[in-house]
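Here the structure is laid out as structure tokens; the discussion comes afterwards.
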Amino acid sequence: MKALLYLALILAGVWLWRSLASRRNASGHQETSTQHPPAAMVCCHQCGVHLPANEAVTGADGLQYCSHAHLQQAQG
Ligand SMILES: [Zn+2]
């Protein structure tokens with residue numbers, strides 16, 4: 001039955017190593033997430049679809065649209 005003891009020790013070691021590694025990865029992930037914060041969502045003024053603000057098209061009136069086509073539909 002010594003094999004079971006060795007297996008338990010190996011599993012404990014792997015678990016310990018994984019928990020330490022995941023803690024290290026979590027801190028690394030936090031650093032990258034601060035460099036790339038989640039984009040703010042805006043609403044297309046023409047069709048109402050939600051999209052990231054950095055992908056939105058802003059019209060001359062300051063309103064935001066999902067595409068140039070909807071910007072032209074709203075203003076043309
Ligand atoms: Zn739209």
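The values are calculated or read from the model by the stated rules, or taken from the named source; none is laboratory data. All values derive from a computational prediction rather than experimental measurement. Here the Cβ positions follow ideal geometry from the backbone for every residue, glycine too, while neighbour counts run over all protein chains shown.
Can you tell me which of LEU20, LEU71 is on the phi < 0 side of the Ramachandran plot, modelled with pLDDT of 95 or more and among the hydrophobic types (A, V, I, L, M, F, W, C)? Spell out the reasoning first.
Values: LEU20 fails: modelled with pLDDT of 95 or more.
Residue meeting the stated conditions: LEU71.
Within the stretch 41-67, track down each residue that is more than 12 Å from the ligand (Cβ to nearest atom), of a type in the set (A, V, I, L, M) and in a strand (DSSP E or B).
Scanning the stretch 41-67 gives a single hit, MET41.
Is it true that some residue in the stretch 52-60 is at pLDDT below 90 and polar (S, T, N, Q)?
No; the residues of the stretch 52-60 include none that is at pLDDT below 90 and polar (S, T, N, Q).
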